1. Which entries in the list A:LYS29/A:LYS58; B:LYS58/C:LYS86; B:LYS57/C:LYS123; B:LYS5/B:LYS31; C:LYS2/C:LYS58 go over 26 Å, if you measure between the two C-alpha atoms of each?
2. State the answer as a single residue: which of A:ILE60, C:SER55, C:GLY106 lies farthest towards the positive end of the charge dipole of the protein assembly as shown, with beta carbon charges of +1 for Lys and Arg and -1 for Asp and Glu, about the Cα centre.
3. Provide the convex hull volume over Cα atoms per residue for the protein assembly as shown, in Å³.
4. Given Cβ point charges of +1 (Lys, Arg) and -1 (Asp, Glu) and nothing else, what value in debye, to the nearest 20, does the dipole of region C:15-70 about its Cα centre take?
5. How far apart, in nanometres, would the label points at A:GLU32 and C:THR107 be if each is projected 7 angstrom from Cα along the Cα-to-Cβ direction?
6. Quick one: compute the contact order of region B:2-130, relative version, from alpha carbon pairs under 8 angstrom and 6+ residues apart, as a percent.
7. In nm, one decimal, shortest first: how far is the label point of B:ARG11 (7 Å from Cα along Cα to beta carbon) from the matching points in the other copies?
8. Give me the inter-chain shielding for C:32-40: mean count of other chain Cβ atoms within 10 Å, whole number please.
Amino acid sequence: MKVIKVNTHQREEFIDITQEVESAVRESKIKEGVCFVFSPHTTAGITINENADPSVKKDILNHLKKLVPFSGDYSHSEGNADAHIKASLLGNSVTVLVEGGNLVLGTWQGIYFCEFDGPRRRKLYVYFLPTFR
Amino acid sequence: MKVIKVNTHQREEFIDITQEVESAVRESKIKEGVCFVFSPHTTAGITINENADPSVKKDILNHLKKLVPFSGDYSHSEGNADAHIKASLLGNSVTVLVEGGNLVLGTWQGIYFCEFDGPRRRKLYVYFLPTFR
Amino acid sequence: MKVIKVNTHQREEFIDITQEVESAVRESKIKEGVCFVFSPHTTAGITINENADPSVKKDILNHLKKLVPFSGDYSHSEGNADAHIKASLLGNSVTVLVEGGNLVLGTWQGIYFCEFDGPRRRKLYVYFLPTFR
């Protein structure tokens, strides 16, 4: 299991971790198999979406804010109920195939760590199940 | 494949199944690898979120009710269209790493079975792909 | 890795790909293990939900349109910001167990490719990690 460290700088922020996951693939020397990226946090998610135009991540973040406002009729007393809800909407892990020693992503796809309750020091777990080394 | 049985008691309810999944890991004798938890139902989901403060699961359930009301302009005639929609928003499976014979979860993370059309007798499938036994 | 090709005919459309994934399982000759279905596109998702009554997929599509309208206060200039947001809400991959050479799906479950920015020619990747061949 490899650990990727991510420092976030705002309350809500999408951070492209594609390069870090690619590096973990290369270090693992796995040629073919499946890569799992898992967040052990409950107020952050992981998603795969467009990494060409940065306005896409902005639109996702902003629209999630509309769907799940910061202030609402929430019970949780820590003031981050919205972040927990957003984390469950996106999910806390992604699965990506590996072929020829590289992640198999679409042309426009990047892997994003989705912070909803920062700024924080976060970590992600990357694990591989190889078919061939 | 191990089967976890869950009886739900209300129409909508989050049930913490972390202990049941942990027990399945121990029975499997897997030391390292990946654990998959899959729901074969279409009106229920699975999510990983905070299990310390029970208000978090309450907030997620209540907010999903606001986003996807029970009554709406739905075509499905069984009266549970909202439950199907919520199931797709959360997803019907989760993936968790296993290390040292234990699930690798964050300090505050629990695995929840998310009933949206209960009360029902439900079952979940747990499967492991081991790297080392 | 097997490739499933899907042609979509409307802007938004759910296409049942269960048979195509089942065929891929049979061709792979895998008896037991895990099947991963991954979309390399950023304006489409994959979900598992009811395939008996076609009104369910219609309700999910229509409700997602309400939650994430086509026109909104979006930055992305390509006119498909809503499709990117919906893709992240559903996720771009699903994981299904395989037993006895078949997908382990619930009675009412089907696997849907969820087009949000068609019509397009799309492809999906299917990959297996076998426990036994």
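The values are calculated or read from the model by the stated rules, or taken from the named source; none is laboratory data. In this text, all values refer to a predicted model and were calculated from it rather than measured experimentally. Heads up, the Cβs are rebuilt from the backbone with ideal geometry, glycines too, and the neighbour counts pull from every protein chain shown. Please note that ligands, DNA and RNA were not included when accessible areas were found on the heavy atoms of the full protein model with its side chains. Shrake-Rupley method; radii C 1.70, N 1.55, O 1.52, S 1.80 Å.
1. A:LYS29/A:LYS58; B:LYS57/C:LYS123; C:LYS2/C:LYS58
2. Looking along the dipole axis, the top candidate is C:GLY106.
3. Convex hull of Cα atoms, per residue: 129 Å³.
4. It works out to roughly 180 debye.
5. 3.9 nm
6. 54 percent
7. Nearest first, the other copies' label points are 3.3, 3.3 nm away.
8. The per-residue average across the peptide is 5.
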